[in-house]
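Quick notes on the structure that follows.
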Amino acid sequence: MITLYTIKDLQKAVSTSKNEEKTIGFVPTMGALHQGHISLVKKCCEQNDVCIVSIFVNPTQFNNPTDLEKYPRTIEEDTKILKEAGADIVFVPSVQEIYPEPDNRQFDFGQLDKVMEGKFRPGHFNGVAQVVSRLFDIVKPDRAYFGEKDFQQLAIIRQMVRQLNIPVEIVPMPIRREDSGLAMSSRNQRLTDDQKNEAVNIYRILSDSKALYNQKTVDEVRILVVESINKIPFLEVEYFEIVDGNTLQQIVDWKDTDYAVGCITVFCGEVRLIDNIIYYS
Ligand code: PAF
């Protein structure tokens, strides 16, 4: 495995591989890697001749400067586990390398980025689209891998790829969970043991609610989930919406869609956790 820091070096490596007719798989990350990321890397290695992983904490997707500052940076550990997972190239560019001048592009994702995360983190998805489109332009991957935990991000990236006609296959990967059910996330490192013990209730309550979808109305299920989670110490729901998995618009009746997903964000103390559950598809 090699680590490259500049676009020039990365493009040289990519062009050598393309000349040899090798397929390129790409896993964009912000580092602080966990087993969720590793499952993407392993799938990427399995499906492509070359697996490239980027580690770049993208400033344009943080609407809160403290969040950007506090984002864990664990590059040595990350490099070690990427090597073990079989990655071929790790790309670790500087902010100057990715944004030699400010990126002022404004994307229009219609309603997709106006709801849920988009409502609570204005500008977040525009920043994600800026960096991912830039990275796609540099890496020119055949396939790129994204986790389903960031359900809305995945929908937006698919839309961006369609809008910009980028010739890449987006490969979604299922949520990886701890044995307790807690969705793996770089942010879990910031939970105390007590908080972690309570955070497992998020998935438990979501899973239990799955059994109710044909017995209760959408709104009854939504309220039950929110009230049950809010009763648990440390936990406070920011939003829980039951949406159509393609349009991300809230449904009123189960009959409104054949793909219903519950998307949730919960504060556990100061730590913002996200998760989702597919009711049916
Ligand atoms: O999901 C993430 O870690 C980031 O949003 C991504 C896709 C690497 C873009 O910075």
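What follows is calculated from the coordinates using simple rules that are stated; it is not laboratory data. As the structure is a prediction and not an experimental result, all values here were calculated from the model. As a convention, Cβ positions derive from the backbone with ideal geometry for all residues, glycine included, and neighbour counts pool all protein chains shown.
Considering only the stretch 41-71, state which residues are away from the ligand (no atom under 12 Å from the Cβ) and surrounded by fewer than 17 Cβ atoms within 10 Å (Cβ to Cβ).
Filtering the stretch 41-71 for residues away from the ligand (no atom under 12 Å from the Cβ) gives 41-52, 63-67, 69-70.
Once the filter is applied, which keeps residues that are away from the ligand (no atom under 12 Å from the Cβ) and surrounded by fewer than 17 Cβ atoms within 10 Å (Cβ to Cβ), the stretch 41-71 yields Glu46, Gln47, Asp49, Asn63, Asn64, Pro65, Thr66, Asp67, Glu69, Lys70.
If I filter the stretch 28-40 down to residues being in a helix (DSSP H, G or I) and within 12 Å of the ligand (Cβ to nearest atom), which single residue comes out as farthest from Met184 (Cα to Cα)?
If we take residues in the stretch 28-40 being in a helix (DSSP H, G or I) and within 12 Å of the ligand (Cβ to nearest atom), then Leu40 is farthest from Met184 (Cα to Cα).
For the stretch 162-183, which residues satisfy the criterion of being more than 16 Å from the chain's Cα centre (by Cα) and not polar (S, T, N, Q)?
Residues satisfying the conditions are Arg162, Leu164, Ile166, Pro167, Val168, Glu169, Glu178, Asp179, Gly181.
State all residues of the stretch 225-237 that are in contact (Cβ under 8 Å) with a residue 12 or more places away in the chain, surrounded by fewer than 16 Cβ atoms within 10 Å (Cβ to Cβ) and outside any loop (DSSP other than H, G, I, E, B); if no residue qualifies, say none.
Residues of the stretch 225-237 in contact (Cβ under 8 Å) with a residue 12 or more places away in the chain: 225-226, 228-229, 232-237.
Right, trim to surrounded by fewer than 16 Cβ atoms within 10 Å (Cβ to Cβ) and you get 233, 236.
Scanning the stretch 225-237 gives a single hit, Glu236.
Considering the stretch 23-40 alone, what residues qualify as being of a type in the set (Ser, Thr, Tyr) and surrounded by fewer than 18 Cβ atoms within 10 Å (Cβ to Cβ)?
To start, the set of residues in the stretch 23-40 that are of a type in the set (Ser, Thr, Tyr) comprises 23, 29, 39.
Residue satisfying the conditions is Thr23 alone.
From the list Gln153, Gln130, Gln163, exactly one residue is out of contact with any strand residue (DSSP E or B) (no Cβ under 8 Å at 6 or more places or on another chain) and surrounded by 20 or more Cβ atoms within 10 Å (Cβ to Cβ). Which is it?
Within the list Gln153, Gln130, Gln163, the selection yields Gln130.
Kindly indicate the residue of the stretch 175-190 that is more than 15 Å from the ligand (Cβ to nearest atom) and outside any strand (DSSP E or B) and also surrounded by the fewest Cβ atoms within 10 Å (Cβ to Cβ) among those meeting that condition.
Applying the filter and picking the extreme gives Asp179.
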